[in-house]
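Just so it is clear, none of the values below were taken in a lab; they were calculated from the coordinates. This is a predicted model, so every value here is computed, not measured. Using ideal geometry, Cβ is built from the backbone for each residue, glycine included, and neighbour counts are taken over all protein chains shown.
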Amino acid sequence: MEFRLTSEQELFKRTLREWCEKSIRPRAAAIDRQEQGIPDDIIQGLAELGVMGITIPEAYGGSMNEGQALTLATIAVQEIARADLSMSVPVYVLLNLGWGFLVTRNGTDELKEHLLPKIASGEYFLGISTTEAGGGSDVANIKSHGRRDNGNLILNGEKVYISGVRETTEQRDGGHLTLFRTDPDAGHRGFTFAYVPARAPGVSPLLFEDIGRGGLSTGGFRYKEVVIPEAYVIGEINRGFYMNMEGFNVARTLVSAACVGAGNRALEISREYVKQRNLFGRPLAKFEGISFEIAEDESRLAQLRLWLQYTAWMIDRHYEDPVSYTHHDISLAVSICKLEAPHQAFEIVKHSMMYHGAFSYTRESPLGLAFRGLMSYIVGAEGGTNIQKLIIAREVIGEEAVPYR
């Protein structure tokens, strides 16, 4: 494995960073405060740079580079998160990249032709709709259900804590890959995963108000006799659980990239501030309680950054040669990233806020955006902390460590 980025990857990273510094960072606080979501010119700008199509083949309007799609996607999400610490823009992008990648790999030709060009162009938003009121990670408890009817699936049920509700129903268009039960007697082998357009007849949106990440809406959907073409199924009917888990491995990798990007930026802010801020006649950097803490944060984040790079590289290799790395290898690597990244980034931001004092507790400080935005990935989004521990325990100990089997 080559640890250095290729010249192409370095150019992509540098170009995107320059664009994000100019087009996103000065507007991050305003994006977090407004209800109108991420401005169209930002989404269109990212699409024109090829970012929205990184995981989509050129045949469908994307810019996918086989063998390095996830590596480039993690680079992109880190750079966007570095510019928008609220997590609004990075989460918008990573959801499209992650779940668009699953459609690329497992969708029907009809679905790819309908959906992928509109994701790559920024016209559509694609999200994930799994969580229900009874619990997000307890997939076996999902109550939403579908039945087959003349080449269609008829969906009924309800989902909550879903990102991109307003984006797909009011501001733009698109929908969500949705997990529901199609064989009630088959356990986890009885789920189907399918694309559900958010504006389809019978879909009713509801909105929640989160404490952070204000530029991207959160809410839910009620489904009443919603007709879904079987061509919108990802993989096969009754194989949806496996498709969902495959998608989560990619999405969790990109979530980790967003956290690493935010942690990197918070460390940059800390380093600059402690060199300039004087207390008792000397810079804060002269106090070992601060400089040593920054050193520890830098060390831990550097290790995580390399592990993230390895994880993305492993997934890219797997899709080139499926026997090169197993599902076990990937699930373990991904869950280590998702377990560590939100906590490390959150701790770095918390430390930086403590160095800055009262100013960091104002809405004018970018650190407050990060503090609220990162918490969403600790409490549950794309699988909370304890779920990642459960997955890691299963992979390193075995099925004996899984409480529900």
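Quick look at the values:
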read-out	value
Among Tyr273, Tyr60, Tyr92: highest mean-square fluctuation, GNM of the chain, C-alpha pairs under 10 Å	Tyr273
Candidate aspartates and glutamates for bridging to Lys118, where Cα separation is under 13 Å - those fewer than 8 sequence places away on the same chain excluded	Glu48, Glu58, Asp173
Alpha-carbon Rg/Rh ratio, for the chain, with Rh computed the Kirkwood way	0.97
Charge dipole (the chain, unit charges on Cβ, about Cα centre) - positive-most of Tyr310, Ala59, Ala393	Ala393
Helix-derived mean residue ellipticity, 222 nm - over the chain, DSSP H n ≥ 4, -39500 (n - 2.57), to 500	-17000 deg cm²/dmol
Relative packing of 83-90, 298-305, 312-319, which averages over residues the other C-beta atoms within 10 Å, highest first	83-90, 312-319, 298-305
DSSP H segments from the chain that extend 20 Å or more along their own axis, Cα-based, with Kyte-Doolittle mean of -1.0 or above	69-83, 88-106, 240-276, 288-320, 327-356, 366-379
Least to most buried among Leu332, Leu254 (fewest other Cβ within 10 Å first)	Leu332, Leu254
Principal axis dimensions, the range 278-405 - Cα atoms, whole angstrom, descending	60, 28, 26
Computed lengthening from Ser299 to Glu8, 0.36 nm per intervening residue step minus Cα-Cα distance	102.1 nm
Counting all C-alpha pairs of the range 7-125, share separated by more than 26 Å (%)	16
Choice from Asn278, Asn152, Asn65 with maximal GNM fluctuation in the chain (Cα, 10 Å cutoff)	Asn278
Max mean-square fluctuation residue, GNM over the chain, Cα-Cα springs under 10 Å, options Val323, Val51, Val274	Val323
Residue pairs, from the table Lys224/Lys389; Lys143/Lys350; Lys143/Lys338; Lys22/Lys389; Lys350/Lys389, whose Cα atoms sit over 32 Å apart	Lys224/Lys389; Lys143/Lys350; Lys22/Lys389
Shape category assigned to the range 158-228 from the gyration tensor of Cα positions, a/c cut at 1.5	prolate
